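*Asks:* Quick one: the structure is below, and I'll ask about it shortly.
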Amino acid sequence: MHIVYSALRTQLKNGKAQPINQELTERYEAYQATCNKYREEIAAIQKYMPGWAPPFELKA
């Protein structure tokens, strides 16, 4: 999830990090809020499927 966050948060442009598409940032924030809300359920699933995370579609 950290990699997705980093990719959404910034993009390199002329050697400087710039915020990218507002819609993608909002989608990621909603994804993160949902994961936080259901963290106990996610942890229960991960007991049987280590490394599992809810899917996040990155469409521009």
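The values are calculated or read from the model by the stated rules, or taken from the named source; none is laboratory data. Not measured: the values here are computed from a predicted model. Every residue, glycine among them, receives a Cβ derived from its backbone with ideal geometry; neighbour counts consider all protein chains shown. Keep in mind that these areas ignore ligands, DNA and RNA; they rest on the heavy atoms of the full protein, side chains included. Shrake-Rupley method; radii C 1.70, N 1.55, O 1.52, S 1.80 Å.
*Asks:* As a test of reading the structure, rank Glu29, Glu40 by solvent-accessible area (1.4 Å probe, protein chains only), most first.
*Replies:* The ranking, largest first, comes out as Glu40, Glu29.
*Asks:* A further question follows. Compute the length gained on full extension between Asn36 and Asn21: take 0.36 nm times their separation in residues and subtract their Cα-Cα distance, giving the result in nm to one decimal.
*Replies:* Roughly 3.1 nm would be gained on extension.
*Asks:* Something else now. Enter the accessible area of Arg27 (Å², nearest 10), with the probe set to 1.4 Å and all protein chains included.
*Replies:* For Arg27, solvent-accessible area is about 90 Å².
*Asks:* Let me ask another. What does the net charge come to around Trp52 if you take all other residues with beta carbon closer than 15 Å to its beta carbon, with K and R at +1 and D and E at -1?
*Replies:* So the surrounding residues net to 0.
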